[in-house]
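Trainee: Input: one structure, supplied below.
The values are calculated or read from the model by the stated rules, or taken from the named source; none is laboratory data. From a predicted model like this one, the values you see are computed outputs, not experimental measurements. Positions of Cβ are backbone-derived with ideal geometry, glycine not excepted, and every protein chain shown enters the neighbour counts.
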Amino acid sequence: MDPDLTKPWALPEEFLKRTFALINSDKDRNSASLVCKDWYNAERFSRRHVSIRNCYSVSPEIVAARFPGIRSVTLKGKPRFSDFNLVPEDWGADVQSWLSVFAAAYPFLEELRLKRMAVSDESLEYLAMNFHGFKALSLLSCDGFSTIGLEAIVTHCKNLTELDLQENGIDDLGGDWLSYVPENLTSLEVLNFAALDSEVSFDALESLVSRCKSLRVLKVNRKISLDQLRRLIELAPKLTELGTGSFAEDLVSSSVTELESAFSKCRDLHTLSGFWDVTLLYLPVIFPVCGNLTFLNLSYATLGAIELECILTRCKSLRRLWVLDTVGDEGLEMVGSCCPLLEELRVFPADPFNQELGVTESGFLSVSNGCPNLHYVLYFCQRMTNAAVATVAQNCPNFTHFRLCIMSPGEPDYLTNEPMDEAFGAIVKTCPNLRRLSVSGRLTDLAFEYIGNHAKNLETFSVAFAGTSDLGMEYVMRGCPKLRRVEIRDCPFGDNALLSGLAQYESMRSLWMSACNVTTDGCKKLADEMPRLNVEVIKDDGGEDGSADKVYIYRTVAGPRTDAPPFVVTL
Amino acid sequence: MSISIEEHDYIGLSEVNMEKKACEVANNNKDLNLKATELRLGLPGSESPEREAVNGGVIKNLVAGAKRGFSDTINGGSGKWVFSVNGGSEVDLVKNGGGLFSCSKVENMNSGLGVGSVKESAVLASPKPVLLEKKVQVSANSSNGQTSAPAPKQQVVGWPPIRSFRKNTMAVSHTKNEEETDGKMGSGCLYVKVSMDGAPYLRKVDLEIYSSYLDLSSALEKMFSCFTIGQYGSHGAPTRDGLSESRLMDLLHGSEYVLTYEDKDGDWMLVGDVPWDMFIRSCKRMRIMKSSDAIGLAPRAMEKCRNRT
């Protein structure tokens with residue numbers, strides 16, 4: 001491709017190539033590729049990583065045709081509500097069709113990160129056998145595979161650097177898979193099997209950790225004892241992230257001092273997780289590393305306020321904290337007073353159906369008082385008040401992600417019995433950078449009016465059991481120009497609401513609506529108007545004809561799905 | 001009873017229905033006799049709301065934390081039972097133990113009550129709708145020092161929005177000695193690996209889902225057909241009437257591959273020699289191997305079989 005000398009602004013190809021090779025941000029690349037044909041080509045040849053956030057928005061053939069030099073792929077499949085069992089099994093998002101194309105187009109593929117994809121053992125075996133330089137596999141919230149697939153990966157991927165398994169629907173048939181890692185594999189940098197149940201061979205694990213000198217992330221499962229953990233961290237003091245396994249105090253022969261000493265050698269440790277069965281007895285062994293921690297994930301540890309305080313008083317640098325609501329409002333007071341630099345807080349429910357336990361608006365207020373830098377919150381609670389949320393917004397105007405889940409559907413402000421409209425109104429009015437919002441509680445259309453009027457940077461919006469009429473959804477669809485992903489369940493929004501978003505859907509990734517008032521006619525109308533959208537209705541057994549119980553709408557350049565199961569109807 | 005039984009799949013009822021229900025609810029409130037004969041969601045012997053004052057613990061749970069108790073809403077007569085057109089007050093029901101959640105989607109409907117009766121009784125049911133597996137949480141909560149079981153809520157599919165992994169994990173944490181009920185490790189699944197000489201893939205099969213060697217062999221045939229060159233052959237009419245072992249014998253005699261399995265003692269045996277039940281109990285893994293490698297297996301299998309019986 002010679003520079004066109006009639007265009008004085010044309011840059012030499014070599015210059016473009018080298019410049020583009022330096023650009024890592026996908027967003028920047030996407031923008032640059034729109035400038036002119038030369039830039040488009042320079043960009044596409046130099047791109048090494050591609051993120052496909054909806055696997056049906058494009059086909060693997062199209063990706064392979066545009067980007068010939070890809071080494072790393074991120075692929076996301078099912079709608080997020082599939083995490084909560086709202087999407088039937090066998091819906092799709094099978095990774096195999098991608099792998100088959102990639103085997104020919106990207107034989108040098110090194111990294112694959114999958115989220116909510118259907119992955120079979122056969123696909124894992126296929127991956128292991130067809131990509132000889134393959135290095136890094138990350139699976140989050142995927143399902144369809146078992147530990148047999150893992151065997152194939154560890155057996156055949158001679159350059160494996162990363163195996164990261166998080167919260168997948170994996171068939172755990174035993175811990176043998178780890179023993180299949182070849183003796184001569186020393187390249188591992190990331191190993192996360194925390195979410196697997198079965199015991200692995202500790203000898204194999206120990207040997208692996210010992211010989212992989214670049215290992216930086218190790219997250220072991222619940223079957224690993226404290227003694228074993230100690231052995232592992234003694235072998236790998238350079239770890240930056242550690243998942244501790246059970247941390248149970250039973251049958252531990254190491255003394256507290258010995259364990260503490262082992263931890264104290266891990267000077268690079270900045271992320272800790274695990275602690276499934278931790279008690280106050282052995283908790284102090286992590287004190288030496290608390291000062292350096294930036295991310296502490298205690299969301300599987302049933303700790304109380306006292307234990308939490310113990311740790312947090314030493315965690316001055318903490319930026320991200322995930323806890324269970326067993327710590328209660330008192331625990332959250334500790335958070336507020338000990339962690340001034342906190343940016344992200346996630347509070348998960350230990351027992352969602354028990355109204356007596358958990359956290360309330362009081363805990364939320366305490367955190368906001370002490371942590372002005374808070375910008376990401378996920379908060380599961382049994383009750384909330386408008387006033388508290390308004391104060392939280394005042395204290396923390398930098399929210400980018402605000403996800404409040406009041407666990408009883410349609411729950412009002414428990415003090416005033418008013419809807420929670422003002423709470424979310426306060427958030428959207430006070431936080432101009434808000435990109436993600438999940439609402440809950442009893443909400444009328446007013447809440448949505450606030451959102452539509454003020455949340456101008458909103459990209460992701462989730463709503464359940466809320467709203468009073470079509471107007472609610474219309475406010476948001478018309479008022480928020482940057483919407484990317486909208487998920488709605490159990491709201492009284494019908495066809496008019498659906499159609500109000502016409503102008504938006506092509507610039508959005510997807511819309512999910514379930515258990516609303518949408519009909520197949522309405523969907524058909526939308527489909528007719530917008531040929532570049534896939535308007536899919538998921539048929540429920542026993543649903544009335546005419547009503548569209550589950551609707552998934554997304555933009556695509558790949559046309560209607562060719563692999564849709566019979567219960568997915570594209571209109 | 002004049003409450004209509006309807007399926008709804010979200011909380012917001014239509015305007016017409018809401019007003020209708022408001023009247024019905026108000027009527028039922030005043031009619032104690034009807035209540036006495038009504039179907040309930042509670043445990044056998046659980047009290048109606050009015051009588052719950054006797055069972056003090058329950059009231060405590062309801063009233064604690066400044067939540068309006070069930071008795072307040074009944075006795076207060078402050079109109080909170082009345083559905084507003086805007087669908088406000090159905091929340092009261094929701095809070096007071098079950099309400100009108102999407103019944104068509106309610107998970108784990110307990111005690112065999114149909115959807116219809118749930119809708120009826122949910123309105124005035126005891127605020128302790130018991131979901132059988134929630135006993136798990138009930139006992140856990142007792143161990144937390146509570147004197148009585150708190151009111152577990154009815155479950156709506158996918159709510160609250162927590163991933164299954166977390167839900168399953170916390171369930172295990174709460175009842176440490178209770179076996180995981182997701183079926184993967186419990187009875188009901190008997191996964192064994194099946195490998196085939198020359199094939200790059202392993203498969204796994206759940207032996208529990210097959211009832212005979214015939215089933216198993218068809219399934220395996222389907223799974224591995226891409227690797228055989230028609231070696232399983234055509235089966236025509238079974239020469240031995242009904243004996244499923246015959247098919248595998250056909251494989252043995254007629255084809256390049258045989259199906260073998262490793263039993264609990266670690267020995268490799270030919271599949272088909274022992275009765276099906278004995279087979280699934282002793283099979284650890286299977287291997288489709290070349291006939292030439294399988295020489296010598298048959299006699300050993302018979303030997304073992306004789307020793308067992």
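Trainee: Counting only residues that are touching a Phe, Trp or Tyr at 6+ places or on another chain (Cβ under 9 Å) and not in a loop (DSSP other than H, G, I, E, B), which one in the range A:243-263 is surrounded by the fewest Cβ atoms within 10 Å (Cβ to Cβ)?
Mentor: Result: A:VAL256.
Trainee: Give just the number: which of (1) within 14 Å of chain B (Cβ to nearest Cβ); (2) more than 22 Å from A:VAL87 (Cβ to Cβ) does A:PHE145 not satisfy?
Mentor: For A:PHE145, the exception is condition (2).
Trainee: Give me the residue from the range B:242-276 that is more than 15 Å from B:ASP293 (Cβ to Cβ) and small (Gly, Ala, Ser) and, out of that set, modelled with the highest pLDDT.
Mentor: Step by step, filter the range B:242-276, then rank; the result is B:GLY272.
Trainee: Consider A:SER408 carefully, then state whether it is polar (S, T, N, Q), more than 10 Å from chain B (Cβ to nearest Cβ) and buried (at least 22 other Cβ atoms within 10 Å of the Cβ).
Mentor: When the stated conditions are applied, A:SER408 does not pass them.
Trainee: If you don't mind, another one. Please return the ranges of strands (runs of 3 or more DSSP E) entirely within the range A:95-154 where 2 or more residues are within 16 Å of A:ILE52 (Cβ to Cβ).
Mentor: Correct list: A:111-115, A:136-140.
Trainee: Any idea which residue in the range A:204-221 is surrounded by the most Cβ atoms within 10 Å (Cβ to Cβ), counting only those that are basic (Lys, Arg) and under 21 Å from A:GLU151 (Cβ atoms)?
Mentor: A:LYS219
Trainee: When you go through (1) buried (at least 17 other Cβ atoms within 10 Å of the Cβ); (2) polar (S, T, N, Q); (3) more than 24 Å from A:ASP445 (Cα to Cα) one by one for A:THR562, which number turns out not to apply?
Mentor: Every listed condition holds for A:THR562 apart from (1).
Trainee: A follow-up question, please. When you check A:CYS157 against the structure, is it within 17 Å of A:SER187 (Cα to Cα), crowded, with 23+ Cβ neighbours inside 10 Å, touching a residue at least 12 places away in the same chain (Cβ under 8 Å) and more than 9 Å from chain B (Cβ to nearest Cβ), yes or no?
Mentor: yes
Trainee: hydroxyl-bearing (Ser, Thr, Tyr) and away from chain B (no Cβ under 12 Å), is that true of A:THR326?
Mentor: No, not satisfied.
Trainee: Going by the structure shown, is A:ASP277 in contact with a Pro (Cβ under 7 Å, 6 or more places away or on another chain) and closer than 22 Å to B:ARG163 by Cβ? Lay out the reasoning, then the answer.
Mentor: On the way: in contact with a Pro (Cβ under 7 Å, 6 or more places away or on another chain): no; closer than 22 Å to B:ARG163 by Cβ: yes.
Criteria not met by A:ASP277.
Trainee: Then there is this: I need a count of the residues in the range A:353-375 that are away from every other protein chain (no Cβ under 14 Å), touching a Leu at 6+ places or on another chain (Cβ under 9 Å) and polar (S, T, N, Q).
Mentor: 3
Trainee: Any residue at all in the range A:191-198 that is touching a residue at least 24 places away in the same chain (Cβ under 8 Å), surrounded by 16 or more Cβ atoms within 10 Å (Cβ to Cβ) and more than 27 Å from the chain's Cα centre (by Cα)?
Mentor: So far as the range A:191-198 goes, no, none of its residues is touching a residue at least 24 places away in the same chain (Cβ under 8 Å), surrounded by 16 or more Cβ atoms within 10 Å (Cβ to Cβ) and more than 27 Å from the chain's Cα centre (by Cα).
Trainee: Which condition breaks for A:VAL87 when tested against (1) touching a residue at least 24 places away in the same chain (Cβ under 8 Å); (2) in a loop (DSSP other than H, G, I, E, B); (3) more than 10 Å from chain B (Cβ to nearest Cβ)?
Mentor: (3)
Trainee: Please give the number of the condition A:GLN382 fails out of (1) out of contact with any Lys or Arg (no Cβ under 8 Å at 6 or more places or on another chain); (2) without any contact (Cβ under 8 Å) to a residue 40 or more places away in the chain; (3) more than 9 Å from every other protein chain (Cβ to nearest Cβ).
Mentor: Answer for A:GLN382: the failing condition is (3).
Trainee: Quick test for you: out of A:PHE348, A:PHE399, pick the one residue that is more than 14 Å from chain B (Cβ to nearest Cβ) and not polar (S, T, N, Q). Outline the logic, then answer.
Mentor: Working: A:PHE348 fails: more than 14 Å from chain B (Cβ to nearest Cβ).
A:PHE399 is the lone residue from the list that is more than 14 Å from chain B (Cβ to nearest Cβ) and not polar (S, T, N, Q).
Trainee: Consider A:PHE402 carefully, then state whether it is buried (at least 24 other Cβ atoms within 10 Å of the Cβ) and touching a strand residue (DSSP E or B) at 6+ places or on another chain (Cβ under 7 Å).
Mentor: yes
Trainee: Regarding A:ALA103, is this residue touching a residue at least 24 places away in the same chain (Cβ under 8 Å), farther than 29 Å from A:ASP540 by Cα, buried (at least 19 other Cβ atoms within 10 Å of the Cβ) and of a type outside the set (Lys, Arg)?
Mentor: The answer is no for A:ALA103.
Trainee: Now for a separate question. Output the number of residues of the range A:296-317 satisfying the condition of being assigned to a loop (DSSP other than H, G, I, E, B), closer than 16 Å to A:PRO340 by Cβ and of a type in the set (Val, Ile, Thr).
Mentor: The total comes to 1.
Trainee: Determine if the range A:516-523 includes at least one residue that is more than 19 Å from B:VAL156 (Cβ to Cβ) and of a type in the set (S, T, N, Q).
Mentor: Checked the range A:516-523: at least one residue is more than 19 Å from B:VAL156 (Cβ to Cβ) and of a type in the set (S, T, N, Q).
Trainee: Still on this structure, I have one more. Of A:ARG442, A:ARG489, A:ARG484, which residue is within 14 Å of chain B (Cβ to nearest Cβ), under 26 Å from A:MET530 (Cα atoms), under 27 Å from the mean Cα position of the chain (by Cα) and at pLDDT 95 or above?
Mentor: A:ARG489
Trainee: Within the range A:293-338, track down each residue that is under 14 Å from A:VAL367 (Cβ atoms) and among the polar types (S, T, N, Q).
Mentor: A:SER337
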